[in-house]
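The next block holds one structure in the form of structure tokens; read it before the comments.
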Amino acid sequence: MQLFQEKDIMDKISRLAITEALKNTVDPEIGINIVDLGLLYGIDVDEENEVTIKITMTSPMCPVTSIILADVQLRTESVKGVKKVEVDLVWDPAWSPEMITEEARLGVA
């Protein structure tokens with residue numbers, strides 16, 4: 001009996017690869033990548049290898065939102081196998097400093 005279908009395995013690999021790529025997207029005001037900052041809310045990879053990324057910003061008034069969104073788009077598109085990318089900016093739940101990883105808090109992320 002096969003525990004995982006091939007699609008499930010590919011989705012997990014793709015999500016991991018995308019997460020790793022997004023660790024290179026740094027909030028220029030804070031100096032922490034968006035993954036460790038807690039801004040990445042979700043990655044969905046469908047059967048066509050089309051990706052939907054859900055992210056938030058530290059504030060609705062964030063002056064670098066467009067820069068971060070563009071970088072997320074480009075870095076996700078650069079992951080091997082990704083066919084299409086949609087980046088959704090969401091505000092629920094609201095971001096808070098508690099979402100920052102322990103590594104980032106300690107300055108090792």
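Just so it is clear, none of the values below were taken in a lab; they were calculated from the coordinates. Everything numeric in this text was worked out from a predicted model, so none of it was measured. Reconstructed Cβ throughout: ideal geometry from the backbone, glycine too, with neighbour counts over all protein chains shown.
Structure notes:
- Additional length obtainable on full extension of the chain from Ser96 to Arg15, 0.36 nm per residue less Cα span: 26.8 nm
- For the chain, the longest principal axis of the C-alpha atoms and the axis of helix 6-22 are separated by about 20°.
- Sum of -39500 (n - 2.57) over DSSP H runs of 4+, divided by residues of the chain (222 nm, nearest 500): -10500 deg cm²/dmol
- Each part gets one Cα centre, and for segment 15-31 versus segment 35-64 those centres are 10 Å apart.
- Under the criterion of Cα pairs below 8 Å and six or more residues apart, the relative contact order for segment 6-101 equals 31 percent.
- Modelled this way, with points 7 Å down the Cα-to-C-beta line, the labels at Val87 and Arg105 are 2.8 nm from one another.
- Those aspartates and glutamates that a straight Cα-Cα span of less than 12 Å connects to Lys83, excepting residues fewer than 8 apart in one chain: Asp46, Glu47, Glu48, Glu50
- Segment 41-109: trypsin sites (Lys or Arg not before Pro) in DSSP coil with no more than 12 other Cβ atoms inside 10 Å: Lys80, Lys83
- Calculated FRET efficiency for the pair Asp46/Val26, C-beta based, R₀ 41 Å, to 0.05: 0.90
- Label selected from (1) 26, 16, 13; (2) 24, 14, 12; (3) 87, 27, 10, the criterion being semi-axes √(5λ) of the Cα gyration tensor in Å as computed here: (1)
- Rounded tilt (10° steps) of 65-77 against the dominant C-alpha axis of the chain: 20
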